[in-house]
Amino acid sequence: MAMTLATRKRLVTALLVGPSAAWLSIFLVLPFIAILVFSVGERAPEGGYQAAFTFAQFMNLPARATAFWNTMLLAPVGAILCLLVAYPTAYYLAIRAPTRFRMLLVSLVVVPFWTSLLVRTYAWIFILGARGLPNLLALIGLPDVRLLNTPGAVLLGIVYGYLPLMIMPIYVSLEKLDRRLLEASADLGASPVRSFFNITLPLSLPGVATGVALVTILLLGEYLIPQLLGGGKVFFIGNALVDLFLQSRNWPYGSAIAVTLVSVVVLIITLAMRLAWRFAGTRQVDLV
Amino acid sequence: MSASDLHDIEFRSVTKRYGDVTAVTDINLAVPKGAFVALLGPSGCGKTTCLRMIGGFEQPSEGDVYIGETRVNDLPAYRRPVNMVFQHYALFPHLDVENNVAYGLRQQRPRIASDEISRRVGAALEMVRLSGFGRRRIHELSGGQQQRVALARAIVNKPKVLLLDEPLAALDRKLRTDMQMELQSLQRDLGITFLLVTHDQEEALSMSDLVCVMSAGRIRQFARPQEVYDRPADLFVADFVGKTNKMTVTAEPGILRLGNGATLPFAGPERGPAVLALRPEAMRIARVGTGDGPLVGHVTHRIFLGSLAEYSVAVAGVGEFLISAERHGLDANDLIEPGEAVSIDYISEAIRLYPA
Ligand SMILES: Nc1ncnc2c1ncn2[C@@H]1O[C@H](COP(=O)(O)OP(=O)(O)OP(=O)(O)O)[C@@H](O)[C@H]1O
Ligand SMILES: [Mg+2]
């Protein structure tokens with residue numbers, strides 16, 4: 001039977017989107033609905049969940065305000081630090097690195113992923129711990145420097161762990177930058193520095209936005225790094241959730257926190273997208 | 001007065017290699033101040049490469065490039081008093097038309113006042129017939145409109161030297177003629193030196209003071225348009241610029257012997273095998289009996305062009321000629337039909353002989 005063009009297009013779309021839509025609805029949407037339902041419920045006496053309809057859990061949120069603010073502060077700050085370290089690296093890889101070595105260098109960026117983040121973060125415990133760097137600092141006359149279990153240590157771990165995720169999207173957007181635009185900019189009298197701020201940076205903003213959004217969102221749910229490098233002090237929401245679900249088994253309270261977190265994340269994504277589009281406009285670059 | 005007072009751009013023995021590819025070989029070229037030079041040549045002959053070395057985007061592998069009195073081999077592009085209209089436009093996709101055009105003015109130090117900038121941008125957009133398009137994004141423009149933005153973006157800066165790489169290629173005939181006139185008056189009014197690459201010979205011959213014909217990375221001829229057309233330096237130029245009839249001949253004292261044994265009277269000093277070149281308009285045909293040209297053939301094909309008619313005429317043992325005949329519209333019987341036998345005459349002063 002002959003299919004109209006429109007039907008065919010719809011079929012192709014269904015085939016392309018179908019698998020991920022099915023996966024997401026089963027493994028993401030359903031659990032999320034469960035969490036939503038939990039969040040307005042009550043904690044069963046023996047722990048877990050019992051049906052109810054109350055916003056009491058949300059009223060309780062301030063009790064975990066420290067974790068919330070730690071996350072809200074350290075996640076974006078971590079992402080920005082990541083960005084500051086990642087951008088020059090991505091720029092070098094995409095624009096300056098000799099073409100012959102480019103692929104090799106880019107693959108080196110992802111090499112750390114070959115080892116578990118857990119193991120690598122553990123390594124930092126030893127480096128930052130009393131018998132690591134502080135020990136060396138003491139030798140040169142700086143005793144009693146505390147590195148481990150500070151916000152600084154958490155930030156360091158964050159930048160260390162998430163750098164590749166920030167480098168990649170920026171690298172991609174810089175890599176497809178049309179070099180001839182830089183020639184045009186120079187032709188019109190812009191020095192290399194000005195060409196960078198006028199042309200390169202604006203055109204790489206979509207990559208920057210993707211990287212910052214990606215890293216920030218992942219950091220909002222981060223658990224491992226604050227647990228290992230922040231000790232008991234720098235608690236993230238992720239740590240709070242683990243505590244509530246696994247230790248005190250207060251599922252409704254945990255769910256309320258999770259729902260709040262997801263709402264904030266959605267808000268951030270929307271804003272970030274808006275900003276990226278505003279700055280970069282449509283991304284059509286191919287002329288002629 | 002030194003030579004550089006007269007010249008705005010000079011190539012001294014410039015060779016440019018890309019790896020194993022030699023793009024241009026030993027180019028010597030001096031473009032007089034304020035001249036309008038057309039660069040003509042087949043695709044891949046090195047025209048863009050030459051412009052890019054002046055713009056500062058390529059460094060010569062050998063030789064020197066001068067702008068005015070300054071050797072610019074090591075001067076970065078952004079310090080050169082030159083603007084370029086790129087063959088591929090290279091418009092900034094994240095800026096609107098107005099900001100694209102204003103880009104060069106904004107880079108100038110001391111700063112230009114912003115109302116001065118918008119005035120000049122407005123004038124440039126008006127010149128390329130794009131007033132009212134200032135707020136459009138680049139991808140919202142047609143190819144021809146983009147090309148005109150590229151043109152406006154370069155001319156708005158009023159540089160000392162303007163490099164134009166096929167700047168009108170995407171425009172329709174009417175717009176192209178408009179732009180040609182605008183460019184010419186701009187060039188005359190501001191005394192800018194123009195270097196224009198074009199594949200349109202009419203454009204090259206009609207607009208420029210000097211034509212530079214290139215082939216395979218070398219300059220074949222650099223002369224006034226009339227000179228290039230009337231006295232092509234070699235067979236390549238004769239063939240490339242305008243239409244040319246060629247035949248192999250042997251030059252002997254007093255005569256040229258053709259392939260079929262026929263002879264043409266000839267007074268030149270050349271001797272031996274040669275190639276004769278003759279423009280279609282320097283030849284005349286007449287029906288056998290009414291004319292008495294030295295060659296006889298028959299019409300194989302006719303193209304009617306209104307005021308002109310072009311005939312293909314086959315001459316046994318020599319080849320096929322293209323002959324254009326002017327029509328005066330008086331004689332209803334002036335068109336010769338394919339198949340008719342004709343005699344061919346020519347203006348002997350128009351004959352050019354080249355070594356075979
Ligand atoms: N970056 C490059 N690397 C290698 N070869 C190049 C490069 N740029 C140009 N070439 C070669 O140099 C020669 C001259 O190129 P150029 O672009 O100057 O030609 P052009 O005369 O402008 O041709 P067109 O009329 O098609 O634009 C060509 O053979 C081309 O393949
Ligand atoms: Mg070219």
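Numbers below:
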quantity: MRE, 222 nm, helices only [DSSP H, n ≥ 4, -39500 (n - 2.57), over the protein assembly as shown, to nearest 500]; calculated: -13500 deg cm²/dmol
quantity: Residue B:350-residue A:97 pseudo-label distance in nm [points 7 Å out on the Cα-to-Cβ vector]; calculated: 6.4 nm
quantity: Average beta-carbon neighbours from other chains, 10 Å sphere, peptide B:78-86; calculated: 4
quantity: Alpha carbon centroid spacing (whole Å) that separates the range B:21-60 from the range A:128-187; calculated: 47 Å
quantity: 17 Å reach of a label modelled at residue A:126, 7 Å along Cα-to-Cβ, counting backbone N of the range A:137-177; calculated: A:148
quantity: Sorted peptide list for B:6-18, A:44-56, B:125-137, criterion being average Cβ within 10 angstrom, highest first; calculated: B:6-18, B:125-137, A:44-56
quantity: Distance (nanometres) between label positions extended 7 Å along Cα→Cβ at residue B:20 and residue B:334; calculated: 5.7 nm
quantity: For residue B:63, distant residues with modelled amide H under 5 Å away; calculated: B:15
quantity: Contact order normalised by residue count of chain B, Cα under 8 Å, 6+ apart, percent; calculated: 15 percent
quantity: Residue B:182-residue A:144 pseudo-label distance in nm [points 7 Å out on the Cα-to-Cβ vector]; calculated: 7.6 nm
quantity: Percentage of interatomic Cα-Cα distances in the protein assembly as shown larger than 37 Å; calculated: 60 percent
quantity: Estimated FRET transfer efficiency when R0 is 56 angstrom, pair residue B:6-residue A:111 (beta carbons, to 0.05); calculated: 0.35
quantity: Prolate/oblate/rounded call for chain A, Cα gyration tensor, a/c under 1.5 rounded; calculated: oblate
quantity: Cα centroid separation - the range B:151-222 against the range A:1-20, whole Å; calculated: 51 Å
quantity: Extension gain (nm, one decimal) between residue B:246 and residue B:116, 0.36 nm per residue minus Cα-Cα; calculated: 41.1 nm
quantity: Exercise: per-residue mean of other protein chain Cβ atoms within 10 Å, A:175-187; calculated: 6
quantity: Built amide H within the under 5 Å cut-off of residue B:352, gap 5+; calculated: B:277
quantity: Entries of B:16/B:158; B:16/B:246; B:33/B:158 with Cα pairs more than 24 Å apart; calculated: B:16/B:158; B:16/B:246
quantity: Ordering of A:15-23, A:92-100 by packing [mean C-beta count within 10 Å, highest first]; calculated: A:92-100, A:15-23
quantity: Karplus-derived 3J(HN,Hα), 6.51/-1.76/1.60, for each residue of the range A:188-194, Hz, glycine and proline x; calculated: 8, x, 8, 5, x, 5, 5
quantity: Length-normalised contact order of chain A in % [C-alpha pairs under 8 Å, at least 6 apart]; calculated: 28 percent
quantity: Shielding score for B:91-98, defined as the mean number of other chain Cβ atoms within 10 Å; calculated: 6
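Rule-based calculations on the coordinates, nothing more; no lab input. Please read these numbers as outputs of a predicted model, since none were measured by experiment. We place every Cβ from the backbone using ideal geometry, glycine too, and count neighbours over all the protein chains shown.
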